[in-house]
Amino acid sequence: MKNISIKLSIIIPHFNGTKILTKCLESLSKCTYKDVEILVVDNGSTDDSINAVKKKFSTVEIITSDTNRGYAGGCNFGAESANGEYLLFLNNDTIHQKDWLEPLIQKLDDDVSISSVQPKILNYHEQKNFDYAGASGGYMDIFTYPFSRGRVFDTIEEDSGQYDDSVEIFWASGTAFITRKLVFEIVGGFDETLFAHMEEIDYHWRCHLMGHSVWVEPKSVIHHMGGATLAYGSPEKTYLNHRNSILLMLTNYSFFVSIYLFVPRLVMEVLSLLKYAFSSKLNHAWAQLRALWWILVHPHIIGPRRWKTWKLRKVKDSEILKKLHPQSIVWQYFAQQLKTYDQLKGAK
């Protein structure tokens, strides 16, 4: 462990895109909180973005990787060089209010049981709307389908202050969240098998298993461009989301709970596959089949992940299930037409 000498390290994984990274760093330079270091992890960029940063932002530290480690690997690589008591993982396509850091830090300072906090995340292009990635705090149903206050599947709400209360959530968005470095090291960082998508859910699930809580603090506000690295409609995103979601179900629950829930989850996978096929989205259907095949042929990864979870676990699944949405949001969204967080929460 490195000696901690500052309060906050901001870690930004990056792969190509001079304009988005420059905008992000310009925004951070205007922030009022100053006890901070900024580390940009270059995931093997092939453009001139890193040279541009070196010329314009002399205080930003560049951590260079020869290969694209993805979000998970890039963040882990950056965390190894971080000196802060707290780590803040941040997407390179974000713009921030100047006082956004103080509420996040204050939340961690006030309660040692909290592992992580995320800001309210609004969309950069439609600034009155919540962002797809995280909105005002992340939740998950028992079948490991994630949703947020402000975004359920493709339904995105306008922000009218309806989710401005600071509440406990299940996961904080990888777009931007702050966490304790000590907790991050005990958990073992992000699982690089996931590469990108749902790695923050996996991390926060393990935080819950250790007895920590996760919160959103909407006094802190940022805007997210979204899809700058991997578009929301990308088949590769479909592949990673389906694969990683099932992997979390099979490894973060206890054995009997994971098997019990896997059967209805498999039915939902089949229905999703048929929906892609009948919608002529054959590339997405193929991506989902690839995800299921990956799960089938990788027991050598599932086994060690279960062992790692068992070693971290201090909280039983009976307590974890209380923090999850008890019904299938797939059924509620598509069959019952419950489209928002408040509608899901109020359903019987």
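Contact map, the stretch 329-343: first residue modelled with pLDDT of 95 or more, second residue of a type in the set (V, I, T) and surrounded by fewer than 19 Cβ atoms within 10 Å (Cβ to Cβ), Cβ cut-off under 9 Å, separation 6 or more or different chains; pairs are Y333/T155; K339/T155; T340/T155. Kindly provide the set of residues from the stretch 55-108 that are free of Cβ contacts under 8 Å to residues at least 60 places away in the same chain, of a type in the set (G, A, S) and within 24 Å of I186 (Cα to Cα), ordered by number. Within the stretch 55-108, just S65 meets the criteria. Evaluation of G138 against the conditions (1) crowded, with 22+ Cβ neighbours inside 10 Å; (2) touching a Leu at 6+ places or on another chain (Cβ under 7 Å) shows that the sole unmet condition is (2). In the set (1) surrounded by fewer than 18 Cβ atoms within 10 Å (Cβ to Cβ); (2) more than 26 Å from H208 (Cα to Cα), Y276 fails one condition alone, (1).
Just one of the listed residues (F262, F255) is surrounded by fewer than 20 Cβ atoms within 10 Å (Cβ to Cβ), under 25 Å from S318 (Cα atoms), in the same structural domain as E319 (by TED's automatic domain parsing) and touching a residue at least 24 places away in the same chain (Cβ under 8 Å), and it is F255. Restricting attention to the stretch 162-174, the residues that are closer than 16 Å to P103 by Cβ and surrounded by fewer than 19 Cβ atoms within 10 Å (Cβ to Cβ) total 5. Checked against (1) in contact with a Gly (Cβ under 8 Å, 6 or more places away or on another chain); (2) closer than 29 Å to L108 by Cα, S49 meets all criteria but (2).
Per the listing V41, V36, the residue uniquely free of Cβ contacts under 8 Å to residues at least 60 places away in the same chain and β-branched (V, I, T) is V41.
On inspection, R305 passes the criterion of being farther than 21 Å from W215 by Cα, modelled with pLDDT of 95 or more and surrounded by 11 or more Cβ atoms within 10 Å (Cβ to Cβ). Looking across the stretch 107-128 at every residue that is surrounded by 14 or more Cβ atoms within 10 Å (Cβ to Cβ) and of a type in the set (S, T, N, Q), the one that is farthest from the chain's Cα centre (by Cα) is identified as N123.
Against the conditions (1) surrounded by 15 or more Cβ atoms within 10 Å (Cβ to Cβ); (2) in a helix (DSSP H, G or I); (3) at pLDDT 95 or above, K237 satisfies every one except (3). Scanning the stretch 40-63 for residues being in contact with a helix residue (DSSP H, G or I) (Cβ under 8 Å, 6 or more places away or on another chain) and among the β-branched types (V, I, T) gives a total of 6.
For the stretch 9-29: of the residues being in a helix (DSSP H, G or I) and not aliphatic (A, V, I, L, M), which is nearest to N91 (Cα to Cα)?
Of the stretch 9-29, the ones in a helix (DSSP H, G or I) are 18-29.
Filter once more, so that each one left must be not aliphatic (A, V, I, L, M): 18-19, 22-24, 26-27, 29.
Details: T18: 14, K19: 13, T22: 12, K23: 12, C24: 9, E26: 14, S27: 13, S29: 15 Å.
Applying the filter and picking the extreme gives C24.
The condition of being touching a Phe, Trp or Tyr at 6+ places or on another chain (Cβ under 9 Å), surrounded by fewer than 21 Cβ atoms within 10 Å (Cβ to Cβ) and of a type in the set (V, I, T) holds for I95.
The values are calculated or read from the model by the stated rules, or taken from the named source; none is laboratory data. None of these values were measured; they are calculated from a predicted model. Glycine also receives a Cβ, built like all others from the backbone with ideal geometry; neighbour counts cover every protein chain displayed.
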